[in-house]
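Everything below concerns the one structure shown next.
Only the coordinates and a few stated rules stand behind these numbers; no lab work does. Bear in mind the structure is a predicted one, so any value in this text is a computation, not a measurement. As a convention, Cβ positions derive from the backbone with ideal geometry for all residues, glycine included, and neighbour counts pool all protein chains shown.
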Amino acid sequence: MKIGKIAGVLLALLLALQACACNPFAGTKESTEPPNGESGAAAGEGTDYRTFIEFMRGVKGFGDQMAERDMPVQSAYFYSFAGASVSAMRYAVEYILWLKGEGDTLASFTADSRYTGWEQIAEINYSSPYPSYFEGLLYEIQGKRDECIDPYAYAMMMPAYPEEGLDFYYFKKTDVETLYDIRSSLRALEEEIYADYRPDVSGRAWDRFYFDAPYLLDLAGKAFEAGDYQTAYDYAKLSLKADPFVAESWRSAALAALYADDLTQLGAYMDEALAVFPDDENLNNIKNALYDVVSEMEAEE
């Protein structure tokens, strides 16, 4: 394959589209439509866990709809958001059960759960505020007031943090039997989510600002400028996962795929991006350039 020729033409086009910024990955949020996480409240005691579960079931349903429409990036966003959120609550419930004397060690008590530990659960989807929120909640329940401040603060920074706030502190006084029932409901939903979606959990260190697409695009840009194209690609993909609702995220991911010589993924990005943004001029220019180069190659054979 004459990959160099394809890459050269497309690269020139993509860089021209980005010429208005010093950083080819730089961008700003045009809009965002993440899951809101509205969960309602149980009578007088805080955020209703039952409504939370039903809401996350609905988020998983959006993932199903996107998968049926063959939109893998969009479906992964909804699946992973629901997965990280549900797994975070389940791990918090298990942690509280352990604090109440259930099990031996926390590790052994949670050994048969799919994902454990705040960093691992957060990596499923960094834009979910629930890993940070429940981490803060566990510190607060244990009386560690200073330690709970930062996780709570980071959770509240996230666009998906519900406007009415969260209050699951009542879990501290919830009886053991009820907590086991909650864990069972959460585990059942986890099974539904992870039957359709396998998270990419590699053990990446948790940067609390990974929920922010512009921040990730800036990191991608710095890696690009340093010639570390694979790292740039990784950050660009994280940015797309953090906010797939703006055309800039897709354009940046396309550029990253190109530099990483991942032309198959570039084509997949373009197909899905234009299904979401059919009238975006820059995306259509990229598509037309790709089509012209491939047609020229086929004519030369």
Quiz item: So which aspartates and glutamates pass the test for Lys172, namely a Cα distance under 18 Å, with those fewer than 8 places away in the same chain ruled out?
Solution: Glu45, Asp48, Glu94, Glu102, Glu135, Glu140, Glu147, Asp181
Quiz prompt | Whole-percent pair-distance distribution, where bins are 5 Å wide, for the alpha carbons of the stretch 41-196 | solution = 2, 10, 18, 23, 22, 15, 7, 3, 1, 0
Quiz prompt | Prolate/oblate/rounded call for the stretch 115-263, Cα gyration tensor, a/c under 1.5 rounded | solution = prolate
Exercise. Return the FRET efficiency for the residue pair Tyr170, Val276: r is the Cβ-Cβ distance, R0 is 45 Å, and the value is rounded to the nearest 0.05.
Key: 0.70
Self-check item: Peptides 168-180, 93-105, 259-271, 240-252 ordered by average Cβ neighbours within 10 Å, highest first
Solution: 240-252, 259-271, 93-105, 168-180
Quiz prompt | Normalised alpha carbon radius of gyration of the stretch 188-290 [divisor 2.2 N^0.38 Å] | solution = 1.15
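Which net charge results when you count Lys and Arg as +1 and Asp and Glu as -1 among the other residues whose beta-carbon is under 15 Å from that of Gly227? List each step's numbers first, then the result.
On the way: positive: Lys222; negative: Glu225, Asp228, Asp234, Asp261.
Residues close to Gly227 contribute a combined charge of -3.
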Quiz item: If you place +1 on the Cβ of every Lys and Arg, -1 on the Cβ of every Asp and Glu, and leave all else neutral, what size is the dipole of the stretch 41-196 about its Cα centre, to the nearest 20 Debye?
Solution: 80 debye
